[in-house]
Amino acid sequence: MSGARGALGLSLRAVRLGWLWGAAAVLALGALLGAWRWAGGRRRAAGRRRRLQRVGTVLKLFVYPVKSCRGVAVGRAQVTPMGLQSGELRDRFWLVTKEDGHMVTARQEPRLVLISVSCENGHLTLEAPDMQKLCLPVKLPRKNPVRNCRVFRLDIQGRDCGDEVAQWLTTFLNSEPYRLVHFEPSMMPRKSKDIISLFRTTDEVAYPDCSPVLIISEASLEDLNTRLEKKVKIEYFRPNILVTDCSTFEEDTWEEILIGNVELKGTVCCSRCILTTVDPDTGVLDRKEPLETLKSYRLCDPSERNIYKSSPLFGKYFAVDKTGMIQVGDPVYKMVE
């Protein structure tokens with residue numbers, strides 16, 4: 001009997017040892033497979049990793065809270081999916097309209113560029129020559145009506161900013177009655193793709209022409225000024241980001257760039273119109289320069305006339321792939337596969 005129990009004990013110990021060895025083998029195999037998969041993932045990630053090539057430096061940043069009014073130069077800005085933001089000032093989130101909702105810009109009212117915009121204590125402040133400073137709340141009363149507006153053939157809403165600012169604008173511009181509206185986050189933005197087909201379905205804007213971000217290089221401006229009798233400032237062209245330390249029109253070639261922790265995707269070049277001939281210091285519409293000079297050497301390739309028509313190109317539009325903060329002095333990197 002004792003011999004049988006001994007044999008049974010040896011058998012059980014052998015089973016346990018076999019089970020332990022088997023479990024250890026399974027664990028070892030699992031670890032090996034895991035390590036192989038991890039290494040493979042690392043190799044694939046490394047294969048996708050993009051190299052950064054420095055192509056410039058941020059020289060200036062601009063936010064244009066009211067479309068066509070004077071821009072605000074800022075030292076740093078938050079880049080949101082719909083453009084630059086500094087505090088409560090968001091790029092082109094306010095719009096001057098006719099009473100029927102159609103947009104009004106400096107193309108029709110050049111003196112809009114003389115209106116300065118700032119924000120303090122939750123209030124938007126408007127100032128203009130020979131006018132009393134006017135303040136209105138950024139967050140408008142819910143009783144203010146939401147108006148249906150029209151921006152470049154596309155419908156969009158805006159909450160009316162009230163009669164006082166409407167009268168202020170109409171008086172300063174000596175015009176037909178105009179209104180000011182504000183785009184609120186709950187409203188439906190315009191799709192950039194509905195304006196220019198080369199944008200993606202995810203690219204959206206409030207009241208900008210078509211894109212959240214416009215970039216121009218200092219070198220491109222300097223090149224233009226060598227061709228002009230009367231030099232122009234960057235304010236004629238209303239970019240969001242002015243870049244230095246790069247070559248002339250190099251921005252046209254940037255497809256994916258990194259500034260700070262923000263990733264931007266190049267879309268199309270900016271086709272220029274009569275707005276570039278409005279002097280930002282006087283509000284006078286010249287109708288000729290610098291537009292005529294740009295037309296002499298900055299027309300698109302004939303294969304792209306379906307996009308740009310006969311308009312000259314100056315600056316490049318970018319969509320936002322990754323939001324974050326940027327500031328003056330940040331290096332600009334091109335992302336290369």
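Side notes on the structure shown:
- With every protein chain in place, the chain: carbon and sulfur % of accessible area (1.4 Å): 54 percent
- ³J(HN,Hα) computed for each position of region 236-244 - Karplus, 6.51 cos²θ - 1.76 cosθ + 1.60, integer Hz, glycine/proline x: 4, 10, 6, x, 8, 10, 9, 10, 10
- A simple rule links phi to the HN-Hα coupling: the Karplus curve 6.51 cos²θ - 1.76 cosθ + 1.60 with θ = phi - 60°, which for region 291-304 gives 4, 5, 5, 4, 5, 6, 8, 10, 6, 6, 5, x, 5, 10 Hz, with x for Gly and Pro.
- Put simply, the amide H of Gly56, placed in the peptide plane, has neighbours under 5 Å in Val332, leaving out anything fewer than 5 places away on its chain.
- Label assignment, volume of the Cα convex hull per residue in Å³ derived from the structure, set (i) 161; (ii) 216; (iii) 130: (ii)
- Here the calculated FRET efficiency for His123 and Ile307, from their Cβ-Cβ distance with R0 = 35 Å, stands at 0.30, rounded to the nearest 0.05.
- Amide proton proximity set for Leu84, modelled H, under 5 Å, gap of 5+: Asp91
- A DSSP coil position with no more than 16 other Cβ atoms inside 10 Å describes the following trypsin sites (Lys or Arg not before Pro) in region 130-191: Lys133, Lys139, Arg142, Lys143, Arg153.
- Cα-based helix-to-principal-axis angle, 2-48 vs the chain, degrees rounded to 10: 20 degrees
- In order through region 162-176: 3J(HN,Hα) via Karplus (6.51 cos²θ - 1.76 cosθ + 1.60), integer Hz, x for Gly, Pro: x, 6, 5, 6, 4, 5, 4, 5, 4, 5, 5, 7, 6, 10, 5
- Close amide H contacts of Val72 (hydrogens built in the peptide plane, cut-off under 5 Å, sequence separation of 5 or more or a different chain): Val63, Tyr64.
- The magnitude of the dipole of region 278-337, with charges of +1 and -1 set on the Cβ of Lys/Arg and Asp/Glu and taken from the Cα centre, is near 220 debye.
- Label-point separation, Phe152 to Gln78 (7 Å along Cα→Cβ), nm: 2.5 nm
- Judged by the ratio a/c of the largest to the smallest principal axis of the C-alpha gyration tensor, region 203-337 counts as prolate, that ratio being 1.5 or greater while a/b is larger than b/c.
The values are calculated or read from the model by the stated rules, or taken from the named source; none is laboratory data. Everything numeric here is computed off the predicted structure, so don't read it as measured data. Note that we place each Cβ from the backbone using ideal geometry, even for glycine, and neighbour counts take in every protein chain shown. Surface accessibility is based on the protein's heavy atoms, side chains included, excluding ligands, DNA and RNA. Shrake-Rupley method; radii C 1.70, N 1.55, O 1.52, S 1.80 Å.
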